1. Among rounded, prolate and oblate, which fits the range 1-79 when a ≥ b ≥ c are the square roots of the eigenvalues of its C-alpha gyration tensor, a/c under 1.5 means rounded, and a/b larger than b/c means prolate?
2. With runs of 4+ DSSP H residues as the only contributors, calculate the mean residue ellipticity of the chain at 222 nm using -39,500 (n - 2.57) per run, divided by the residue total and rounded to the nearest 500.
3. Hand me the tally of lysine pairs in the chain: alpha carbons under 23 angstrom apart, and the pair either on different chains or 8 or more positions apart.
4. With axes computed from alpha carbons, what is the tilt in degrees of helix 2-12 against the longest principal axis of the chain, rounded to the nearest 10 within 0 to 90?
Amino acid sequence: MENEVFETLTHYLVEKRLVKMVGQDEEYQAAKLHECEVKNKFESSLAPEQREMFNSYIAAVSETTANIERLHYQQGMKDLFALFKALY
């Protein structure tokens, strides 16, 4: 039950709040633009088969990163909850 609560809360906060915050962060936007430029330049130098393998790799890395970010966020929420309980 507790995991379901954290999953639901994490999903809501990430989907609604963090996406908005990231969209407004100029430093993130500049880094993302640079990332896209470098990726496009690199991809244009690859043969079609290499590009497909590279895109598969990027998709796998993105999935791993999304999962670790979710776990970090949930652990932070659990730690905050534990702190509030300890202070109460």
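Where a number appears in this text, it was derived from the coordinates with a stated rule and is not lab data. Keep in mind that what you see is a predicted model, and the values were worked out from it rather than measured.
1. oblate
2. Rounded to the nearest 500, it is -29500 deg cm²/dmol.
3. 5
4. It is inclined by approximately 50 degrees.
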